[in-house]
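The values are calculated or read from the model by the stated rules, or taken from the named source; none is laboratory data. Please read all numbers here as calculations on a predicted model, not as lab measurements. Note: ideal-geometry Cβ built from the backbone for every residue, glycine included; neighbour counts use all protein chains shown.
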Amino acid sequence: MEPAISERVLCGRLPVVHDRLVSTTASGHLMQAHLESSFVSPVTLEPRTCEKFLTASPRVPRWIDAPQSDGTIAGYSRDLGSEHVEYLLRRDGSTLVCDRILAQSDGSRLVQSIAVEDLAGLRHFVLSDWFADALDDDLEHFLALCKAHLPASLPITEVEARDFEHAQQILSNMLDCRCLADMVRCARGVTRYVGAQNFVFALTNRSGSVINAQYVIGCDPALVQTYVARRWHTVDPFAIYAARGTQPILGRELELRSRGQIDLRLAAEQFGFASVMAIPTRLSAELYGHLMIGSPTPAVLGEPILHRHRGLLRILALEIFDWVRKRAHGAVTLSPDEKVLLQYVDEGLESRDVAAILGTTECMVNKRYSRLNAKLRVKHKVFALQAAIDLGLLYPAYSIVA
């Protein structure tokens with residue numbers, strides 16, 4: 001890693017793109033010609049001026065300015081070319097979460113989530129948006145809506161691991177965290193215990209070329225804003241490795257093969273990931289994640305420390321993976337009858353076979369499967385079965401033939 005840059009400007013040794021090498025897509029994004037950029041040190045890259053890459057004018061914005069039944073208390077969305085940007089401030093237990101959702105023309109959705117600790121942090125996250133110049137007044141209006149709903153003080157208690165046993169206790173309690181803020185604080189406590197300061201967790205659900213990704217941010221959120229805007233998830237060597245690998249891997253162990261990967265590495269170093277370890281978590285070829293742990297300490301000194309704690313960090317990655325993927329589906333439960341229906345799918349029975357067993361019609365069975373699909377947010381009963389297993393709602397019993 002997706003998933004920190006200053007609020008308006010990314011400074012340091014970063015690539016300068018020659019105008020003659022730049023071309024844009026219909027949605028106004030840099031194409032791979034950008035990989036032919038050169039390096040100048042030092043330089044200043046201004047992500048907020050990216051409206052020059054937009055080939056279509058922003059359309060009419062849509063607002064949520066009153067609390068909703070789903071917990072959303074403020075929202076803003078707008079189409080930008082072929083993409084759709086949305087910000088939501090929502091209640092999460094006794095705390096608040098802000099989501100930034102980027103829906104792309106190919107159906108992919110990239111969601112960034114931060115636990116809101118104060119207005120300054122929320123403002124930094126929102127104004128780090130690479131479309132901020134094009135959306136400037138709208139983003140300020142969204143922040144004003146959020147400010148009206150923010151309490152004077154938010155309940156924030158940092159978690160610190162005193163020793164190894166305490167770190168293990170924090171990990172064992174993480175899955176019981178009821179809100180994102182609590183989970184992030186637990187992760188930060190373990191992260192600091194191993195000598196790091198920053199983390200980002202990416203959960204990826206891939207269907208062909210369509211990617212649905214969620215980023216849980218435990219670092220400067222501007223890094224993830226830039227990561228998403230520059231489509232680094234398509235070239236991120238850690239994300240590519242996480243789709244296939246299982247072992248933790250250090251930054252120095254990866255070979256950078258493209259300009260985009262070099263750009264990502266340089267940006268990460270600027271914002272606290274000079275030493276970095278990635279820990280893959282994979283449930284299937286379609287559903288996987290990876291945890292990025294980082295420290296500003298030079299890699300030659302910091303990465304051996306991370307390597308010594310790789311066992312603890314693997315547990316941390318798995319706990320975050322379980323927490324995030326279950327929350328992604330909401331508080332879903334299955335009735336005994338619904339579990340039976342999914343077990344029939346697991347046994348390979350068609351709807352007509354299930355109808356004969358239950359003494360009903362095939363049409364009624366298909367309607368019940370449709371309701372199950374909607375509950376589990378999938379499009380087919382086979383995917384519903386896999387989602388139920390992924391969420392720990394169903395434990396299929398396979399017959400063993402002697």
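All of (1) modelled with pLDDT under 95; (2) crowded, with 24+ Cβ neighbours inside 10 Å hold for F199 with one exception: (1). Only a single item in (1) small (G, A, S); (2) surrounded by 15 or more Cβ atoms within 10 Å (Cβ to Cβ); (3) at positive phi is not met by G208, and it is number (2).
Of the residues L358, L341, L349, only one is surrounded by fewer than 17 Cβ atoms within 10 Å (Cβ to Cβ), of a type in the set (A, V, I, L, M) and within 36 Å of the chain's Cα centre (by Cα); which?
Being surrounded by fewer than 17 Cβ atoms within 10 Å (Cβ to Cβ), of a type in the set (A, V, I, L, M) and within 36 Å of the chain's Cα centre (by Cα) holds for just one of L358, L341, L349, which is L349.
Mind checking which residues of the stretch 243-275 are in a loop (DSSP other than H, G, I, E, B) and either among the hydroxyl-bearing types (S, T, Y) or not assigned by TED's automatic domain parsing to the domain that holds N198 (or both)? Answer for the stretch 243-275, where residues must be in a loop (DSSP other than H, G, I, E, B) and either among the hydroxyl-bearing types (S, T, Y) or not assigned by TED's automatic domain parsing to the domain that holds N198 (or both): T246, S258.
Among the candidates S94, S113, which residue alone is at pLDDT below 85, within 24 Å of V324 (Cβ to Cβ) and of a type in the set (S, T, N, Q)? Just a single option satisfies the conditions, and that option is S94. In this structure, does T226 turn out to be among the hydroxyl-bearing types (S, T, Y) and assigned to a loop (DSSP other than H, G, I, E, B)? In short, no.
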